[in-house]
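Have a look at the structure below, then the notes.
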Amino acid sequence: MNRLGKTLGWVFAALAVVLAAGITFTIGWRPFLGPRMRALTARKFESTPKRLARGEYLVRNVTDCMGCHAEHDWTARDAPVLSKTLGAGQDMNILKGFPGKVYAPNITPDAETGAGSWSDDQLARAIREGVSHDGRALFPFMPYPDFRAMSDEDLASIIVYLRSLPPVRKQQPTTTLIFPVKYLIRNVPQRLDAPVPEPDVSTPEKRGKYLVTIAGCADCHTPQDAHGQPLPAMDFAGGFILDGPWGRVASTNITPDPSGISYYDQGMFTQVIRTGFVRARKLNQIMPWHTYRGMTDEDIVAMFAYIRTFKPLRHHVDNTEPPTFCKVCRQTHGGGNQNVGATAVVAGSIPETSKGPSMLPHKTMWQLKRSSGVVASHFQDNRPTASCGRRVDRGLNRRGVVGVAIAFGRISPLEKRRRGR
């Protein structure tokens, strides 16, 4: 009996070691311990005319905060903000396939339903580090991984501007994510313990890089594999699917390749951003040209200068053409059949996916990949000018039949047929 007890004890000890090692080298311990977070401080950002103006400019014209934190008429060409909803949040489930129910909260200064009772440092931590005022990990649909590059002064300016918004009394529901995503996202937030200096804007290209980063352009304009990771060497090559009230479109290739925007010059780029037209063709409203059109000439010039430094990548994406399977990104989008052997993506690195939209934006899936093994797929179908959206895309972009289903071993009928089961 003692020998059996000792044997069982050793077996359980060995299993415990194996389990601990498995957790350590797969999902990590954050899903159990909670997100990484720094202690809050009592810092308060002084409101100055300069900060107020800079904050309004960033929120309304660069970071597109109101793409999510306000309600829009998404059927209109310029997706106008609905009256008296600026900062009041939005039901993001207009984009199908979230792993649960996702809502952008009210961030107006209303004390009961908004951010009026939150400290400045609670807002700062949420914006750049992904930890909510109440200590929860934010769903990375909120682009805090991009905002980590935001300078301290720009962060202060944004918070000063948000504090100036008229309070709106509107309680948004709390985001509720399914298991295991609600725990796995605890891996995503990262502490910022050091100051973030002002960016180097000594050249238009460097200035443009900063703007493109905090504007989240890569989040829509980079295709993903079936695991929701950015495809290797396919940065900004388009093909990301956005499906919602605006229709079903795929983001355009914005690299300087003939299949992208090599024919753009500075004048055309400025016209596109200012008007939402590429010559006679209209951009889909999910591409936030109606946000970016308020950027200064200097910033638009800088963004284009940086975009021109991208590596040219051949990836034909055209929403005016019938959706066909693309062997480059393994998705179905307009003009996909023109991409046979088009790029040097490593053979076999992109498993074929179903034709459903994927569950999570690539930043989310990249962070969750090792934790969940969730497989996501995306819809695709965009024309060179119907670019992606961005804020609205993040988190809604890839939702789909395969994403959550495979995570729990529930394969959709469509996927079963594709696999020949």
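Data for the structure
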quantity	calculated
Some residue of region 33-47 being under 26 Å from residue 178 (Cα atoms), assigned to a helix (DSSP H, G or I) and at pLDDT below 95	yes
Which listed residue is part of a loop (DSSP other than H, G, I, E, B), among the basic types (Lys, Arg) and either open to solvent by 20 Å² or more (accessible area, probe 1.4 Å) or at pLDDT below 95 (or both), from 169, 163	169
Yes/no for residue 324 being touching a helix residue (DSSP H, G or I) at 6+ places or on another chain (Cβ under 6 Å) and assigned to a strand (DSSP E or B)	yes
Criterion: among the aromatic types (Phe, Trp, Tyr) and closer than 26 Å to residue 174 by Cα - qualifying residue of 10, 74	74
Out of 151, 119, sole residue that is closer than 15 Å to residue 196 by Cβ and surrounded by fewer than 19 Cβ atoms within 10 Å (Cβ to Cβ)	151
Unmet criterion (only one of (1) in a loop (DSSP other than H, G, I, E, B); (2) at pLDDT below 50; (3) surrounded by fewer than 22 Cβ atoms within 10 Å (Cβ to Cβ); (4) out of contact with any Asp or Glu (no Cβ under 9 Å at 6 or more places or on another chain)) for residue 359	(3)
Test: residue in region 272-281 that is at pLDDT below 95, more than 29 Å from residue 98 (Cα to Cα), open to solvent by 60 Å² or more (accessible area, probe 1.4 Å) and in contact with a Pro (Cβ under 9 Å, 6 or more places away or on another chain)	yes
Residue within region 63-72 that is over 18 Å from residue 248 (Cβ atoms) and loosely packed, with under 15 Cβ neighbours inside 10 Å present	no
Leading residue by the ranking (nearest to the chain's Cα centre (by Cα)) among those in region 204-235 that are open to solvent by 50 Å² or more (accessible area, probe 1.4 Å) and more than 25 Å from residue 291 (Cβ to Cβ)	227
Residue within region 283-294 that is out of contact with any Gly (no Cβ under 8 Å at 6 or more places or on another chain), open to solvent by less than 40 Å² (accessible area, probe 1.4 Å), modelled with pLDDT of 95 or more and not in a loop (DSSP other than H, G, I, E, B) present	yes
Top-ranked residue of region 172-203 - restricted to ones that are buried (at least 20 other Cβ atoms within 10 Å of the Cβ) and not β-branched (Val, Ile, Thr), ranked as farthest from residue 132 (Cα to Cα)	184
Hits in region 236-254 (condition: surrounded by fewer than 23 Cβ atoms within 10 Å (Cβ to Cβ) and either free of Cβ contacts under 8 Å to residues at least 12 places away in the same chain or touching a helix residue (DSSP H, G or I) at 6+ places or on another chain (Cβ under 8 Å) (or both))	244, 245
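A quick yes/no check of all residues on (1) without any contact (Cβ under 8 Å) to a residue 60 or more places away in the chain; (2) acidic (Asp, Glu):
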| position | (1), (2) |
| --- | --- |
| 3 | yes, no |
| 36 | no, no |
| 40 | no, no |
| 45 | no, no |
| 68 | no, no |
| 102 | no, no |
| 110 | no, yes |
| 113 | yes, no |
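The values are calculated or read from the model by the stated rules, or taken from the named source; none is laboratory data. Remember, it's a predicted structure, so these values are computed and weren't measured experimentally. Cβ coordinates were reconstructed from backbone atoms using ideal geometry, including for glycine residues, and neighbour counts include every protein chain displayed. To get the accessible areas, we keep the full protein, side chains included, count just its heavy atoms, and leave off ligands, DNA and RNA. Shrake-Rupley method; radii C 1.70, N 1.55, O 1.52, S 1.80 Å.
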